[in-house]
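**Student:** My structure is below; once you've seen it, I'll send some questions.
The values are calculated or read from the model by the stated rules, or taken from the named source; none is laboratory data. Keep in mind the model is a prediction, meaning the values are calculated, not measured. Here the Cβ positions follow ideal geometry from the backbone for every residue, glycine too, while neighbour counts run over all protein chains shown.
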Amino acid sequence: MLEKLIKTGEISIFDSARSCEFGKRELWKVDVSTSAKNCRNFIREIVDTLDLQPNPTKPVIALSLGDPTVYGNLKPAPEVTRAVVEVVEEGLCNGYAPSTGYESARAAVAEYLNYDGVSYNSRDIILCSGCSSSLELCITALCDGSRGQNILIPRPGFAIYRTLAESIGVEVKYYNLIPERNWEVDLQHLEEQINEHTAAIVLNNPSNPCGSNYSEEHLRSFLEIAYRRRVPVIADEIYERLVFPGKKFVSTASLFSEVPILVCGGTAKRFLVPGWRMGWIAVHDETGAFEHVRKALVSLSQRTIGSNTLIQGALPAILQYTPDSFHDDLAKTLALHAQIAFERFSFIRGLAPYMPEGAMYMIVEINLRCFPEFVNGLEFCKQMMREESVFCLPGECFQIPGFMRIVLTVPQEILEEACERIAEFCNRHYVE
Ligand SMILES: *Cc1c(COP(=O)(O)O)cnc(C)c1O
């Protein structure tokens, strides 16, 4: 039979083995999974369509990159760098760790998060490859696409929640944040979005892109709804304690509600080492509601056999020996940059900045009626790049058209230069 096929040219001798097994199949046709097809990078998709072209006479200023290390002005604490060097040299962390992380590293994270009356122990902590990976585990553990479940995420909000949920077939529903109230959650809108298929609510505090920092009272009102409707919370607290001087960060877990919460965090932002890919999940569960979820998280962590062991080995030193002054200096720098940007933007006709209280970003509203030349904020940002070589992420990337996000981590003189160019651009296009 095979000989006959080869003779008649139905199959070539080279893939005869495969053809035997699968019947006639000459050309490779390798399809990808639904999960892969549904995995989209929404920021990339939007930015790519803009076909950005800077003005060749002006150096590019990227106020768009949420990576605090790009301009080199913000460096990790020397204690942090030394801790990693020592671990590499000792050579004791080259093997596999348990998939949830070394006991010593998890205990160090528990210790680090135990303030304001919270008391985690190492069993409550799972180490992950960055906070993104923590979020992935939490969403995958709680939400089931095949059962038609949905997840509630903030609008405006960080794009990765949608990427992670939709790639496993989970429906995304948005709850609004209110600009005039420092981007607090629109609690009524939140409650209206919850239905019997809602598997989790994501809360991001302090927020990317808003820079908001919620009060204890507001967090309690939020938790009250989650409690009443019995929906667990995923709290993305990657900017935990990264708030401006005089502001207080309140962690959701410190409020001792009966709401089970998976708190996600990591070293990326507060320690200025996003490339090190160290994140964690802290399981806050006073009622035992998460009994199965704990096991699920452990199982899911085994898919990738855990996070980088060198950083795990250094984690106790990183978390204990970074001086408070390092965190204070970072907060002061960001607050100063926010102040500078806020003042400059306040004087630009057609723009309205929102003063942040934490994280690394500021939202600026573009009053498009003052710029009739541009049909939307995307065109505004695109043309600003063309003329001034300044790029900010348009609000569309965070589900709020008509706004843009600026990053506050760039050096002060670059920020000032950017503000100047943005002012010139706006003046040039402003119409009464
Ligand atoms: C940067 C960021 C993350 C991701 O942090 P990694 O540890 O780098 O994965 C998660 N959530 C928000 C809101 C962020 O801004």
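**Student:** In the set LEU351, LEU330, which member is in contact with a Lys or Arg (Cβ under 9 Å, 6 or more places away or on another chain) and crowded, with 17+ Cβ neighbours inside 10 Å?
**Tutor:** LEU330
**Student:** Now for a different question. Select, from ARG303, ARG277, the only residue that is within 14 Å of the ligand (Cβ to nearest atom) and among the basic types (Lys, Arg).
**Tutor:** Selected residue: ARG277, the only one of ARG303, ARG277 that is within 14 Å of the ligand (Cβ to nearest atom) and among the basic types (Lys, Arg).
**Student:** Right, here's the next one. Of the residues that make up region 89-109, is at least one within 16 Å of the ligand (Cβ to nearest atom), surrounded by 13 or more Cβ atoms within 10 Å (Cβ to Cβ) and under 21 Å from the mean Cα position of the chain (by Cα)?
**Tutor:** yes
**Student:** Let me ask something else about it. Restricting to region 146-167, and then to whatever is farther than 20 Å from GLU136 by Cβ and in contact with a helix residue (DSSP H, G or I) (Cβ under 9 Å, 6 or more places away or on another chain), can you tell me which residue is surrounded by the most Cβ atoms within 10 Å (Cβ to Cβ)? Let's see the steps before the verdict.
**Tutor:** Initial filter on region 146-167 (farther than 20 Å from GLU136 by Cβ): 148, 155-156.
Retained after the next criterion (residues that are in contact with a helix residue (DSSP H, G or I) (Cβ under 9 Å, 6 or more places away or on another chain)): 155-156.
Values: ARG155: 17, PRO156: 24.
Within region 146-167, the match that is surrounded by the most Cβ atoms within 10 Å (Cβ to Cβ) is PRO156.
**Student:** While we're here: Just to be sure, is LEU415 among the aliphatic types (A, V, I, L, M), under 23 Å from TYR214 (Cβ atoms) and touching a helix residue (DSSP H, G or I) at 6+ places or on another chain (Cβ under 7 Å)? Give the derivation first.
**Tutor:** Details: among the aliphatic types (A, V, I, L, M): yes; under 23 Å from TYR214 (Cβ atoms): no; touching a helix residue (DSSP H, G or I) at 6+ places or on another chain (Cβ under 7 Å): yes.
The answer is no for LEU415.
**Student:** Something else about it: Give the residue, chosen from PHE326, PHE403, that is over 22 Å from the mean Cα position of the chain (by Cα) and modelled with pLDDT of 95 or more.
**Tutor:** Every option except PHE326 fails the conditions.
**Student:** Quick one: would you say ARG181 is over 30 Å from GLY148 (Cβ atoms), away from the ligand (no atom under 11 Å from the Cβ) and at pLDDT 95 or above?
**Tutor:** Judged against the criteria, ARG181 is a match.
**Student:** Also: Just to verify a result, which residue in region 131-150, among those that are out of contact with any strand residue (DSSP E or B) (no Cβ under 6 Å at 6 or more places or on another chain) and outside any helix (DSSP H, G or I), is nearest to the ligand (Cβ to nearest atom)?
**Tutor:** Selected residue: ASP144.
**Student:** OK, next. Give me the residue from region 54-85 that is more than 22 Å from VAL364 (Cβ to Cβ), polar (S, T, N, Q) and loosely packed, with under 15 Cβ neighbours inside 10 Å and, out of that set, farthest from the chain's Cα centre (by Cα). Break it down stepwise before answering.
**Tutor:** Initially, region 54-85 is screened for residues more than 22 Å from VAL364 (Cβ to Cβ), giving 56-57, 69, 72, 75-85.
Subsequent filtering for residues that are polar (S, T, N, Q) retains 57, 69, 81.
Then keep just the ones that are loosely packed, with under 15 Cβ neighbours inside 10 Å; that gives 57, 81.
Values: THR57: 34, THR81: 24 Å.
Only one residue tops the list, namely THR57.
**Student:** Out of curiosity, is VAL170 in the same structural domain as GLU240 (by TED's automatic domain parsing), surrounded by fewer than 20 Cβ atoms within 10 Å (Cβ to Cβ) and away from the ligand (no atom under 15 Å from the Cβ)?
**Tutor:** In short, no.
**Student:** Any residue at all in region 81-101 that's among the aromatic types (Phe, Trp, Tyr), touching a residue at least 24 places away in the same chain (Cβ under 8 Å) and in contact with a Leu (Cβ under 7 Å, 6 or more places away or on another chain)?
**Tutor:** no
**Student:** Please work out if GLY117 is within 14 Å of the ligand (Cβ to nearest atom), over 16 Å from ILE281 (Cβ atoms) and either outside any strand (DSSP E or B) or out of contact with any helix residue (DSSP H, G or I) (no Cβ under 6 Å at 6 or more places or on another chain) (or both). Break it down stepwise before answering.
**Tutor:** Numbers: within 14 Å of the ligand (Cβ to nearest atom): no; over 16 Å from ILE281 (Cβ atoms): yes; either outside any strand (DSSP E or B) or out of contact with any helix residue (DSSP H, G or I) (no Cβ under 6 Å at 6 or more places or on another chain) (or both): yes.
No: the conditions fail for GLY117.
**Student:** Can you tell me which residue within region 36-53, out of those that are over 20 Å from the mean Cα position of the chain (by Cα) and in a loop (DSSP other than H, G, I, E, B), is nearest to GLU171 (Cα to Cα)?
**Tutor:** The extreme case among them is LEU50.
**Student:** Take ARG277 and tell me if it is of a type in the set (D, E, K, R), touching a helix residue (DSSP H, G or I) at 6+ places or on another chain (Cβ under 6 Å) and either more than 23 Å from GLN312 (Cα to Cα) or at pLDDT 95 or above (or both).
**Tutor:** yes
**Student:** Okay, moving on. Go through region 260-274 and count every residue that is over 21 Å from THR322 (Cα atoms) and within 16 Å of the ligand (Cβ to nearest atom).
**Tutor:** Number of matching residues: 3.
**Student:** ILE125 versus (1) more than 19 Å from GLN320 (Cβ to Cβ); (2) touching a Lys or Arg at 6+ places or on another chain (Cβ under 8 Å); (3) not basic (Lys, Arg): which is the lone unmet condition?
**Tutor:** (1)
**Student:** Tell me which residues, restricted to region 215-259, are at pLDDT 95 or above, away from the ligand (no atom under 16 Å from the Cβ) and aromatic (Phe, Trp, Tyr).
**Tutor:** PHE222, TYR227, PHE244
**Student:** Out of curiosity, is ARG82 modelled with pLDDT of 95 or more and farther than 30 Å from ALA253 by Cβ?
**Tutor:** For ARG82, the condition - modelled with pLDDT of 95 or more and farther than 30 Å from ALA253 by Cβ - is met.
**Student:** Any residue in region 117-145 that is closer than 18 Å to GLY266 by Cα sitting within a Cβ distance under 6 Å of a residue that is within 16 Å of the ligand (Cβ to nearest atom) and part of a loop (DSSP other than H, G, I, E, B)? List the pairs, counting only those 6 or more apart or interchain.
**Tutor:** The qualifying pairs are LEU127/GLY101; LEU127/SER307; CYS128/SER307; SER129/ARG277; SER129/SER307; GLY130/ARG277; CYS131/ILE238.
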